[in-house]
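Just so you know, all these numbers are worked out from the coordinates, no wet-lab data involved. Worth saying up front: this structure is predicted, and the values here are computed from it rather than measured. Cβ placement follows ideal geometry from the backbone for every residue including glycine, while neighbour counts extend to all protein chains displayed.
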Amino acid sequence: MASEIRVNKITNRSGLSTVTFSDTGAIVSGIVTANSFSGNVTGNVTGNVTGAVTGSGANLTNLSAANLTGTLPAIDGSNLTGIDATSIKNSGGNVKVQANNSGATLTGILTAVGGNSTEGAFISPTAVGVGTTTLTGRNAGVGTAPGTIVFNSSSGILQVYVADSDGWQDVSSAEGYQFQASGGTKNTSSRSGYAVHTFTGPGTFTVLGSPQSGGEYLIVGGGGGGGKGGLGGIGFEAGAGGAGGHRSITGQTFTPGSYPVVVGSGGPGGGSGQGGNSSVFGATATGGGAGGGNNYSPGVYGHPGGSGGGGGHQAGDGGTGNSPPTSPPQGNNGGTGGWSTGGGGGGAGGGGTAGKGQPTGRPGGGNGGSGTSNSITGSSVTRSGGGGGGHNSSNPSGGSGGGGAGGYINASPPGGSPTASGDPGTANTGGGGGGAGSHQVPGGNGGSGVVIIAYPTS
């Protein structure tokens, strides 16, 4: 038969630790040491808990992370609270990634790590590249899914992988990409719906992307220099320089490539005098012919060129224009020299007029031939006017389009002061230089040429 002892309190020998029995259980004051424990724990637990703990931990509070040791079991995080699933914050508590209905918003710098040390940074090996890579790195490690984009630091060009058959292509020249061009001074506002490139000196016109139809260009050669005056007073007047050739070409298709542009310089007055040729796309505008001298020196006749130079004193013939021939013609003949007058230089729009001087009266030298207008820049501009021939008492006018006026000594009676060379042709118009009046002064320099290229942008 079982026996029992009923007490309400047990005290240890020192009287410090007690076990008090209530109607609901035992209350221990002091340290409890047991090989195992089963049941619920209420109140505070201090010290270390070793061994397996089973049951619910819903009421566990104020756990110090420093005292949690050992391997934690697998935990289902579905019931974790206090975590904002819509955002990721940095150590300072600032939101850097914020979820929204359409995706996520990143605040700050996105840094992606590439697949190898040479390929730069990419979102994925087969996605869009966001970094820089060398040619070697591109070929060694960058994914080749169509649409992959890299900046090739070896060539300094943004490139796209189009397809296995096409491989890597420059973004600016890949099939289907918009036409692009560079070179000279580019203007997209002077002519509505067009880009205009103006070359006033040598350069390169570079085309990238798809071919562009509807292109056009203007080529103007350098103007010829005016002839040199002779030694003496009246009767040694020189012919004017002819205008540079003027060629306008339309209905062109510009294809990818690099095209050298040459702009002819104006011919020197009183020297060889021939204007320089201008060219682009295999087409050439010939420089203007030099003006003739006088009958006391060789070269009384005007020289051939885009437009011919005027003849010198005493019926020197004017030079032949449109030489070599082009269709349509690039220029006209120079005028014949007269008594005490030089013939006017030929222009793109008309020939130079003959000198009209006589032993008495001396009505005037030959005027320069007119130039021709062109609106490739968006406004009408006249270029390639011939220079005016030299005269003893008046300065014959240069032709419209940059031709220089003729020189004169303003002598009445003969023997006046040698005051004037012919005026130079206007720069970048191909205008011919004016012929000298007398006294071994040089004629005016020819004006430099120009090359203008235009194409539609819309």
For A2 and L158, compute 0.36 nm times the residue count separating them, minus their Cα-Cα distance, and round to one decimal in nm. 46.6 nm
Multiplying the sequence separation of T255 and Q178 by 0.36 nm and subtracting their Cα-Cα distance, what value in nm do you get? 26.5 nm
When K356, K228, K9 are arranged by how many other beta-carbons sit within 10 Å of their Cβ, fewest first, they go K9, K356, K228
Can you work out the FRET efficiency for the pair N139 and T377, with r the C-beta to C-beta distance and R0 = 41 Å, to the nearest 0.05? 0.35
Inter-label distance for S210 and V95, nm, one decimal - labels placed 7 Å from Cα along Cα-to-Cβ: 4.3
Kindly write out, for segment 326-336 in residue order, the coupling ³J(HN,Hα) from the Karplus curve 6.51 cos²θ - 1.76 cosθ + 1.60 (θ = phi - 60°), rounded to whole Hz, with x marking Gly and Pro. 10, 10, x, x, 8, x, 10, 6, x, x, 6
Rounded to the nearest 20 debye, dipole of segment 178-458 from Cβ charges on Lys, Arg, Asp, Glu: 180
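By counting other Cβ atoms within 10 Å of each Cβ, how are S384, S375, S279, S189 ranked from fewest to most?
Working: S384 43, S375 12, S279 20, S189 9.
Ascending Cβ contact count within 10 Å gives the list S189, S375, S279, S384.
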The residues V95, V263, sorted from fewest to most surrounding Cβ atoms within 10 Å, come out as V95, V263
For Cα pairs less than 8 Å apart in space and 6+ apart in sequence, what is the mean separation divided by the residue count of segment 178-458, i.e. the relative contact order in percent? 23
